[in-house]
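Here's the structure we're looking at; comments come further down.
Please treat every number below as a calculation from the coordinates, not as lab data. The shown structure was predicted, so the numbers you read here are calculated from the model rather than taken from an experiment. All Cβ positions, even for glycine, are placed from backbone atoms using ideal geometry, and neighbour counts span all protein chains on display.
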Amino acid sequence: MQIEVKVPEVGESVQEALLVQWYRRDGDMVRKGEILFIIETDKVTLEVSADADGMLKILVPEGQTVRIGTVVATIDLEAREAKPLPTLQPEAEKTGEAVEKAAEREAAAGPVPISPVHAPSPSGAGTAEASPRPIVSESVKELLAERGLDAAQIIPGGPGGRLTRGDVLAFLDERGHETTGKPAERTVTEPAVMPEAPRRVPPRRQVVFAPEELTVRKPMTPIRRRIADHMLQARLNTAMLTTFNEIDMSRLQEIRKQFRDLFQKKHSVSLGIMSFFLKAAAVALKELPELNAFIEGHEIVYHNYIHIGVAVGAERGLVVPVIRDVDKLGFADLEKAIVDHVRKIGENRLEMSDLEGGTFTISNGGVYGSLMSTPILNSPQSGILGLHKIEERPVVVGGRIVIRPMMYVALSYDHRIVDGREAVTFLKRIKECIENPERIMVEI
Amino acid sequence: MAGDGKYDVIVVGSGPGGYVACLRAAELGLRAACVEKSDRVGGACLNVGCIPSKALLESSRFFYLARKRFQEHGIVLDDQVLDLPVMMARKSEVVRGLVDNVRKLLENAGVALIRGTARLAGERRVEVTRDGEKTVLEADAVVLATGGEPVPVPSLPFDGRRIVSSTEVLDFDRVPEHLAVVGGGTIGLELGSVWSRLGARVTVIEMMPGIAAVADGQVSRTLERLLSRQGLEFRLRTKVTGAEVTDEQVVLTLDTQGKEDSIACDRVLVAVGRKPFTGGLGLEALGIGTDPRTGHVLVDERYRTGVAWIYAVGDLVPGPMLAHKASAEGIAAVECIAGLPGEVNYDTIPSVIYTSPEVAGVGLTEEQARERGLSFVAGSCPFTGSARARCMGDTDGFVKVIAHGRTGRLLGVHIIGPEASELIGECAGALERNATAEEFARVVRAHPTLSEAVRDAALIVQSSRKHE
């Protein structure tokens, strides 16, 4: 396999750039992160680095003017040297990548951000030959004592084996990543907690940390950070609004009850409520295409297909696998697709392609017992349908109070593209289809 | 000879390490003497280093501007003639003036200036020899600040004429036709630039894959490109394996990763580095330890050698061989002698290469941050975005800020561009105060100034951190 090395975008108005210099030669083995070549425009000079380890094949020689996006080289991933290449930054790039991309995009006209890089944790970072006894000046000794650190914990980076203030500060900066583990270290200066602890600190300089048990600081996992970012973006970049309705579930429950065993026997999957809601949504989305559309810049992108994401709470965080062409699938196919996704999540086999391409989302908070909620958009989508728990409630039907299994439903929508009338109509169509499931069949 | 020969502190050497130590000692009320073997105080920095090279860099830059850049400003000179003797005389005058200043400073501070060569002569005694005459001085403490000397290359023995060191290259009587510079470090690049601007063909030969090895990688690669554009030639990954010296020229045999080659030139500057100068001090006799690999004098956190009353600073001890580093250590050592908590913050010592554009850096480079396993964010802002740089017509280069990814604390700033040497001051200040990229970016800079590019680079780092 090989990957292409392209001239990156450097700004909206820039069409072409001068490939000034290749730092590596044709046929060289290159490592991920290594600078390959440099491009110059009238505005910026940019170093472009390799995206992967492999053998470089240069397609465009230096000195040529190339258009943005031109493939100037390829990297052959299979080509390997006799001995394996040591990776430049083991796991680092994975998290850094997203940021790097964002940074690239921002490069635009003026300032150029270079790679924000996450390097591995400081553990084996030993560079200088660690001298047995580092030279530690008074102020650094004080800093060590203040933080309850031992000079031997930190690799000295100063000349002649000196432990500098910066070495200690960098150690403290980094430690945030792996905190929580060693409460003892931090409480050394807290006599109330550890009366026997050696008092390394003169009283006037006492620094008291909050007891470790009350707050625990943990780094966000990459997936949690993605979710956090995604949620915030949805809030910040849309005009989100929610409309509600309630659905009498009795007909649907009857049908399910009636066909439960037959369905199970024939399709080896149980008939749930989600397939009904998916089909109902497909009917409603066809009638109200804005809810199935995205805003891109100043344009609206309508989709001639209906791919609906179904939010599933997984152990490591919320995931939304997508069921494709919902309108073309039967009830059994839909139920199987859901079961299939849930199994994949459980086995951690979900692929990126399972999560991509959704045009609308359904989220069922009812499984956790939610009575009512305002779901948050899964941007760039323009609508999300929230289902809730089914509860027997007294309702008025034909002038009489009766007990019916009821469910509140909510539709959050992007008011920039969907008007209130459409949103309410959509939810009403869902209600009609679920209360009279035959409507789904005849698509009215 | 001053007084009765008994001092609180004797400082050996009057370079930026030594004379500054003397002044600080005097300030602290210590009776201080400075022993200098040369007729002129100031050491290598003032006499054959930083100062004369900077004087020539300034002069040669004017010449270069007059020839290449004035026209774009609408200034047309009929012809530009180089009067090298005048240029050299001006340089000597600058040096003389500053040497004089240092001498006066020492005198005014009451520091005894003792001419002669010092040798440590047993318990708290320093023997000074001048014209064969020996004097013995006594002191409670001695600070060694004898500096460094150029490292020779075995295949290129200095002859002072064709194959020269950084000293003689400052005094050529005519512009070389082809100057080969062995060593692509600060000295080689600066002095190579001087003679290149004055019309010489200059070839820089460097063993490493890049020039200016101490600089940030991105900076050094950019510098190589920009200097190449000015006409300097670079032979990287190349060793000099031999030299054939005739009356007319020197033919150097080169080895570039196994490929043999040769170049003919009329002068060769060997600038592969400097090493501590400890010859004749008598360290061995007193049992003062040195590093067998580098020749550095071993000292503790108070700059004290293995012998309690002897201290060493500057190029004698490990660290970058910089005048300001020596001065800082000289002050710290004397403060320690006086019982004060003297020390040097090695994280915030700026370094500068006075090429055009200038290169300046302080703190960790991207490579160092990576090597140390720190999580960091780096951002750069090109000078093309600076209004001031555009007015000046000097838009080459950029400012690069590196900060810790989690806390945002500044780890390093690296600049290649106009006045980088002056811009680095505020960066060192920010590092000294443990500022974060945001704090650094929030400082209001005057408009239009080059320092706006420093702010913008810090802003980019700050905004990149938010994306994490």
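For the stretch B:163-272, what is the convex hull volume of the alpha-carbon atoms per residue, in Å³?
In the stretch B:163-272, the Cα convex hull volume per residue is 89 Å³.
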Fill in the blank from the handout: Given pairs A:LYS257/A:LYS344; A:LYS265/A:LYS344; A:LYS431/B:LYS466; B:LYS68/B:LYS239; B:LYS54/B:LYS259; B:LYS54/B:LYS466 and cut-off 31 Å on Cα-Cα distance, the over-length ones are A:LYS431/B:LYS466; B:LYS68/B:LYS239; B:LYS54/B:LYS259; B:LYS54/B:LYS466
Practice task
List the trypsin sites (Lys or Arg not before Pro) within the stretch B:374-468 that fall in a DSSP loop (any state other than H, G, I, E or B) and whose Cβ has at most 16 other Cβ atoms within 10 Å.
Solution key: B:ARG433, B:ARG445
Exercise for the section: Take every Cα pair under 8 Å in the stretch B:163-272 that's 6+ residues apart, average their separations, divide by the length, and report that relative contact order as a whole percent. Expected result: 34
Exercise for the section: Take every Cα pair under 8 Å in the stretch A:223-442 that's 6+ residues apart, average their separations, divide by the length, and report that relative contact order as a whole percent. Expected result: 31
Exercise for the section: Label the protein assembly as shown by shape, choosing from rounded, prolate and oblate, from the square roots a ≥ b ≥ c of the eigenvalues of the Cα gyration tensor; if a/c is under 1.5 it is rounded, and otherwise prolate applies when a/b is larger than b/c, oblate when it is not. Expected result: prolate
Problem - Relative contact order (percent, whole number), chain B, Cα cutoff 8 Å, 6+ residue spacing - result: 14
Problem - Relative counts (whole %) of C-alpha pair distances in chain B, using bins that are 20 Å wide - result: 23, 52, 25, 1
Practice task
Specify whether the C-alpha gyration tensor of the stretch A:223-442 places it in the rounded, prolate or oblate class, a ≥ b ≥ c being the square roots of the eigenvalues: rounded for a/c under 1.5, otherwise prolate if a/b is larger than b/c and oblate if not.
Solution key: oblate
Practice task
Please identify the helices of chain B, taking whole runs of DSSP H, that span at least 24 Å along their own axis as judged from the Cα atoms and have a mean Kyte-Doolittle score of -1.0 or higher.
Solution key: B:50-68, B:84-108
Problem - Highest average packing first - A:378-388, A:434-444, A:239-249, Cβ atoms within 10 Å - result: A:378-388, A:239-249, A:434-444
Practice task
Rounded to the nearest 500, what is the 222 nm mean residue ellipticity of chain B from helices alone, with -39500 (n - 2.57) per DSSP H run of 4+ residues and division by all residues?
Solution key: -10000 deg cm²/dmol
